[in-house]
Structures are given as structure tokens and as C-alpha cells.
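Asks: One structure is given below, represented as C-alpha cells, and several questions about it will come after.
The values are calculated or read from the model by the stated rules, or taken from the named source; none is laboratory data. In this text the structure is predicted, and so the values were computed from the model without any measurement. Note that each Cβ is placed from the backbone with ideal geometry, even for glycine, and that neighbours are counted across all protein chains shown. Heads up: the accessible areas ignore ligands, DNA and RNA and are worked out on the full protein's heavy atoms, side chains in. Shrake-Rupley method; radii C 1.70, N 1.55, O 1.52, S 1.80 Å.
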Amino acid sequence: SQVAMYAAKQRTEDITVYKSELVTSTPDSLSLLSELRQAVINNELRVYLQPKVATADNQVVAAEALIRWQHPEKNLVPPFRFIPFAEQTGYIREITKWMIRSLASQWHALQTHDTPFRVSVNLSTRDLMTASFPTFLEETLAQYNVPASGLCLEITESAIMDDPNFAQRTLEKLSAMGFRLSIDDFGTGYSSLAYLKRLPVNELKVDQSFVFGMIENNSDRMIVQSTIDLAHNLGLDVVAEGVETGEMYQALGELGCEEAQGYFIGKPMPIDEFLAWRKEWNRSHGL
Ligand code: C2E
Ligand code: CA
Ligand code: CA
Ligand code: CA
């Protein structure tokens, strides 16, 4: 099931408390769903942005949008507390739409005059399986005058492998519309290379579990290196996530990884903080 998949995914990211929390909160899932609906109505969801930097010249070329829930009583609720439920119930489709509307309405404020700046959005398998989703995207972006090329759609390997043929048709539609497509958490799922070759994607994101280990662990380093080579041989760009140290950033640049994302560069931040962060980053890097 999706919950089991998600739990497995989180375990790889060392959030070991997750499984037991999920079990204890299951009886409340109906009330969680109604709380989530209320959260959208009450404007409690927040877009956080995490920078993606080009290793060649330190330019801030993109940001990934990551959702947070500013609950009135709890602190900031992280996505692993509600995204799996939203995926299970299908409510994720409303959350994705909320996210895309929010980004489209603020997209122009994020642009600088020099370099084009992209924003990545995480899609779930439910979005890919919704026939009206490409039309929703087209209409929403047109409403705010945002070009499709300004958005990157991140899709996990497992979301694609739920129904690879259907996913492929949707991705072909989205690619033809001009969206940049990225395969998220690459290396943690079981997507076959045959599918990878057929999909109209532009980039691979090396999963952070490999990046974390790449300095100390030779097999992790080999996985990162092979993924970068594989991606390049297929004509794809590579983004490394979970870049936590300068040593990792340096090593990834040497391996030819185009973009890096992680705490070494910047954490996910509210949009206004992100803009201030970018100014400071550009200043301190002479950009
Ligand atoms: P993801 O798409 O793989 O996002 C990367 C996660 O790694 C984010 O966690 C990010 O904050 C975290 N991260 C980034 N750099 C580092 C680092 O250097 N070290 C460490 N330890 N972690 C780092 P976050 O924001 O908690 O999101 C977790 C997951 O929730 C995401 O994984 C994604 O699968 C899902 N998610 C978040 N926002 C959305 C959304 O709007 N829609 C959907 N469908 N899923 C979302
Ligand atoms: Ca992602
Ligand atoms: Ca990821
Ligand atoms: Ca992940």
C-alpha cells in the first residue's frame, strides 16, 4: 500500500519514529482528513522553497516547493504527518492544486532579470492518474501568465511504476506542453532502465540516502557516480539532494552533477525568507 511504501521511504531517510506514530494516529484519519480540508479553507498551508544551485557557477537556478502546515495549535506540521493520508484518501489532488495555484500566483515575484528561475513541484501518483490534471495546469498557468518551462514537475519512481503505461502517456502530454520533468528519489524504487529510456524526462534526482553516504562509504559513492554517468548517457541532467557538507558539494561538482540541493546550501524557507537568502547568497558569491 501507499502507506507501507511511504513508511519504507521514510525509514531510508532515518525517520524511524514514523511507523509507530502512523499506527497510533490511524483511528483519527477521518478527523485528520476533515482537519486538512479545513486547513485549506482557513489558509493554513504554507509553501516553503529550498534552493537548487548549479555546481559549475553557484547560480541559484531553481527551488523546490515543499509544503508545510501551520496548524493553529500544533507547531509547523511537516509533510510526512499528512501527505501519506492525503495520498491515501485522494485529497492530495486538492493539495497539489493548491500548491500550483500558490506558486503560479507568486512565480513572477521569484524571477530575477538575469537568469531564468524554475520552481519544482512534487506530484503524486494520484495527480498523474487524473485525466483533467494537464488541463488544470494549462489553465492555471495561463491565468497567471507563467510559461510551462518555468515549472519542473518532480515525480517519484514509485509513482511512475504504479501504472507505468498510464504514467508514460501523462508524462508525454506534460512534456509536450513544455514542463520540465524530473524523477525524484532515483535509486530507491524499482523502475527499470527500459522505462527510464522511454520516459520524456529531463532530470534525475539522486536520492539523499546515497548522497549522505558518499564521502565515507565507497559503494554509496559508486552509486552516485554511476547514476550521474547513466543520466548523462541518456541526455539527462542530475540534481543531488541532501547535500549537507561542502565536501559533498565539491565532490558532486567533480563528478559532473549539474545541480545540488541540501542544508549546506539552504534549508526550505518561506518565500520572503527565500528571497532574502538568495540576495545574500548572490552577494557572498559575487553573483
Ligand atoms: P522529497 O521530495 O524527497 O523532498 C526532499 C526532503 O528532504 C524534504 O523534506 C527536504 O526538506 C529534505 N532535505 C533537503 N535537504 C536536506 C538535507 O541536506 N538533509 C536532510 N536530512 N534533509 C534534507 P520535507 O520537506 O520534510 O518533505 C518530505 C517529503 O514530503 C518530500 O520528499 C515529498 O515526498 C513530500 N512532500 C513535500 N511537499 C510536498 C507537496 O507539496 N506535494 C507532495 N505530493 N509531496 C510533498
Ligand atoms: Ca522532491
Ligand atoms: Ca527526493
Ligand atoms: Ca525523499
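Asks: With charges only on Cβ, +1 for K and R and -1 for D and E, what is the dipole size of segment 148-287 about its Cα centre, in debye, rounded to 20?
Replies: It works out to roughly 440 debye.
Asks: Work from the charge dipole of the chain (Cβ charges, +1 for Lys and Arg, -1 for Asp and Glu, about the Cα centre) and give the residue of G90, G150, L255 farthest towards its positive end.
Replies: G90
Asks: Only Lys, Arg, Asp and Glu count, each charged at its Cβ (+1, +1, -1, -1), so figure out the dipole size of the chain about its Cα centre, rounded to 20 debye.
Replies: Roughly 600 debye, rounded to the nearest 20.
Asks: Just grab the label-to-label distance for E280 and K267, each label 7 Å out from Cα along the Cβ direction, in nm (one decimal).
Replies: 1.2 nm
Asks: Sticking with this one: Could you list log10 I(q)/I(0) for segment 47-137 at q = 0.19, 0.20 Å⁻¹, which the Debye formula gives when each Cα is one point scatterer?
Replies: -0.99, -1.05
Asks: I've got another one for you. Express in nm, to one decimal, how much length is gained between M222 and T135 on full extension, taking 0.36 nm for each residue of separation and deducting their alpha carbon distance.
Replies: This chain segment gains 27.2 nm when fully extended.
Asks: Nearest 0.05, what FRET efficiency do W98 and Y195 give at R0 = 35 Å with Cβ-Cβ as r?
Replies: Using R0 = 35 Å, I get an efficiency of 0.70.
Asks: Right, here's the next one. For the chain, what log10 I(q)/I(0) values come out of the Debye formula at q = 0.10, 0.13, 0.14 1/Å, with one point per alpha carbon and no solvent?
Replies: Debye curve over Cα of the chain, log10 I(q)/I(0) at q = 0.10, 0.13, 0.14 Å⁻¹: -0.53, -0.94, -1.11.
Asks: Exposed loop sites here are chymotrypsin sites (Phe, Trp or Tyr not before Pro) in DSSP loop states with at most 13 other C-beta atoms within 10 Å. What is the longest stretch of the chain lacking them?
Replies: 1-189
Asks: Here is a follow-up. For segment 158-216, run through the GluC sites (Glu not before Pro) and keep only the ones in DSSP coil with at most 12 other Cβ atoms within 10 Å of their Cβ.
Replies: Loop-located and lightly packed - E216.
Asks: To the nearest 500 deg cm²/dmol, what mean residue ellipticity at 222 nm is calculated for the chain from DSSP H runs of n ≥ 4 alone, each contributing -39,500 (n - 2.57), summed and divided by the residues?
Replies: -14500 deg cm²/dmol
Asks: Would you mind classifying segment 157-269 by shape? Square roots of the alpha carbon gyration tensor eigenvalues, ordered a ≥ b ≥ c; an a/c under 1.5 is rounded, otherwise it is prolate if a/b is larger than b/c and oblate if not.
Replies: Prolate, since a/c reaches 1.5 and a/b exceeds b/c.
Asks: Turning to a different aspect of this structure: Probe radius 1.4 Å, ligands and nucleic acids ignored: give me the carbon and sulfur share of the accessible area of the chain as a rounded percent.
Replies: About 51 percent, which is the carbon plus sulfur part of the accessible surface.
Asks: What FRET efficiency comes out for the pair H232/A54, r = Cβ-Cβ distance, R0 = 25 Å, nearest 0.05?
Replies: 0.95
Asks: Separate question: With a 1.4 Å probe and all protein chains left in place, how much accessible area per residue does the chain have, in Å²?
Replies: 47 Å²
Asks: While we're here: Enter the Cα centre distance for the pair segment 145-221 and segment 62-124, rounded to the nearest angstrom.
Replies: Result: 18 Å between the Cα centres.
Asks: Kindly flag which residue pairs out of K74/K173; K173/K279; K197/K279; K205/K267; K205/K279; K97/K173 have an alpha-carbon separation exceeding 29 Å in this structure.
Replies: Check vs 29 Å cut-off fails for K74/K173; K173/K279; K197/K279.
Asks: Could I ask something else about it? Can you give the local net charge around L171? Use residues other than it whose beta-carbon is closer than 14 angstrom to its beta-carbon, Lys and Arg +1, Asp and Glu -1.
Replies: The answer is -3.
Asks: Using a Gaussian network for the chain with springs between C-alpha atoms less than 10 Å apart, which of these wobbles most: V211, V119, V61?
Replies: The residue with the greatest mean-square fluctuation here is V61.
Asks: While we're looking at this one, here's another question. Of M222, M214, M248, which is the most mobile in a GNM of the chain whose springs link Cα atoms less than 10 angstrom apart?
Replies: M222
Asks: Relative contact order for segment 177-287 using alpha-carbon pairs under 8 Å, separation at least 6, rounded to a whole percent?
Replies: With pairs under 8 Å counted, the relative contact order is 20 percent.
Asks: With charges set only on the Cβ (+1 for Lys and Arg, -1 for Asp and Glu), what does the dipole of segment 167-206 come to about its Cα centre, in debye to the nearest 20?
Replies: Approximately 160 debye in magnitude.
Asks: In percent, how large is the relative contact order of the chain, given Cα pairs closer than 8 Å and 6 or more residues apart?
Replies: 18 percent
Asks: Based on DSSP H assignment, which helices of the chain show an axial Cα extent of at least 24 Å together with a mean Kyte-Doolittle hydropathy greater than or equal to -1.0?
Replies: Both cut-offs are met by 92-110.
Asks: Under a 10 Å cutoff between Cα atoms, tell me which one of L193, L204, L36 has the largest fluctuation in the Gaussian network model of the chain.
Replies: L193
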